[in-house]
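J.: Below is one structure. I have some questions about it.
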Amino acid sequence: MPAAGARPMDYRRRDRWGLAGWTLLVVVTAMGGILSPPGAWYAALDKPPMTPPDLLFPIAWTLLYGLMIAAAWQVWRRIGLLAGLAVLIPFIAQLGANGLWSILFFQWHRPDLALVDLVVLWALIALTMLRFRRVHPPAAWLLAPYLVWVTYAGYLNIGVILLNGPAPPA
């Protein structure tokens, strides 16, 4: 909300820079997945029922990352970065867990460690949603599809472990 004497243009400029910053942070996270493609190892794995076609994953993640950006930006606009650290730190932490999952699963070929990361990721998303809800409820709801997708990813991750073992050979 504009302070007394502040020009509306200052807030538009600040909002644009904030949106760019949250976008950059999420894009850096997405690089974990981009730089860890599934490859031949994943293609050779037995997969659980209801595994979607490979084409669905980049489409889903593009949408989910867009929702994450919108949610964080909306919260940041209302409370700022420094005043909002307690609210925004779980969001930033879940981005780290998100990026780590692809490395653990696709690069290290460790679905077991990726599953542990996924449990942490799920908890961080839930915590983020609770904290976002206090500031701006629609921002929390923007993360609901992400939580559902990560829950589904947990099913797929467990399925890969059950069908192939905790650390299938490369």
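J.: Name, by its number, the condition in (1) out of contact with any helix residue (DSSP H, G or I) (no Cβ under 7 Å at 6 or more places or on another chain); (2) open to solvent by less than 70 Å² (accessible area, probe 1.4 Å); (3) modelled with pLDDT under 95 that does not hold for ILE79.
T.: With respect to (1) out of contact with any helix residue (DSSP H, G or I) (no Cβ under 7 Å at 6 or more places or on another chain); (2) open to solvent by less than 70 Å² (accessible area, probe 1.4 Å); (3) modelled with pLDDT under 95, ILE79 is out only on (1).
J.: Within region 107-118, can you find the residues that are open to solvent by 30 Å² or more (accessible area, probe 1.4 Å) and under 14 Å from VAL150 (Cα atoms)?
T.: LEU115, VAL116 - these are the residues of region 107-118 that are open to solvent by 30 Å² or more (accessible area, probe 1.4 Å) and under 14 Å from VAL150 (Cα atoms).
J.: Every residue in region 150-170 that is within 18 Å of TRP61 (Cα to Cα) and open to solvent by 40 Å² or more (accessible area, probe 1.4 Å), please.
T.: THR151, TYR152, TYR155
J.: List every residue pair whose Cβ atoms lie under 7 Å apart, where the two residues are 6 or more positions apart in sequence or sit on different chains, the first residue falls within region 9-33 and is over 13 Å from GLN74 (Cα atoms) and open to solvent by less than 70 Å² (accessible area, probe 1.4 Å), and the second residue, located anywhere, is among the hydroxyl-bearing types (Ser, Thr, Tyr) and part of a helix (DSSP H, G or I).
T.: These pairs meet every condition: VAL26/TYR65; ALA30/TYR65; GLY32/SER102; GLY33/SER102.
J.: Taking the conditions exactly as written (farther than 18 Å from ALA93 by Cα, open to solvent by 10 Å² or more (accessible area, probe 1.4 Å) and not small (Gly, Ala, Ser)), does LEU147 satisfy them or not?
T.: no
J.: Please pick out the residue among LEU104, LEU124, LEU95 that is closer than 20 Å to PRO37 by Cα, buried (at least 20 other Cβ atoms within 10 Å of the Cβ), without any contact (Cβ under 8 Å) to a residue 60 or more places away in the chain and aliphatic (A, V, I, L, M).
T.: LEU104 is the lone residue from the list that is closer than 20 Å to PRO37 by Cα, buried (at least 20 other Cβ atoms within 10 Å of the Cβ), without any contact (Cβ under 8 Å) to a residue 60 or more places away in the chain and aliphatic (A, V, I, L, M).
J.: Also, quick follow-up: Read through the list (1) more than 11 Å from the chain's Cα centre (by Cα); (2) at pLDDT 95 or above; (3) more than 28 Å from ARG12 (Cβ to Cβ), then give the number of the only condition that VAL150 fails.
T.: Every listed condition holds for VAL150 apart from (1).
J.: Let me ask something additional. Suppose we keep only residues that are hydrophobic (A, V, I, L, M, F, W, C) and at pLDDT 95 or above within region 45-55. Which one would you say is surrounded by the fewest Cβ atoms within 10 Å (Cβ to Cβ)?
T.: Selected residue: MET50.
J.: Assess whether ALA140 counts as being part of a helix (DSSP H, G or I) and touching a Lys or Arg at 6+ places or on another chain (Cβ under 7 Å).
T.: Judged against the criteria, ALA140 is a match.
The values are calculated or read from the model by the stated rules, or taken from the named source; none is laboratory data. Quick caveat: nothing in here was measured; it's all calculated off a predicted structure. No Cβ is skipped: glycine too gets one built from the backbone with ideal geometry, and neighbour counts run over all protein chains shown. The protein model used for the area step is the full one, side chains on, heavy atoms only, and it has no ligands, DNA or RNA in it. Shrake-Rupley method; radii C 1.70, N 1.55, O 1.52, S 1.80 Å.
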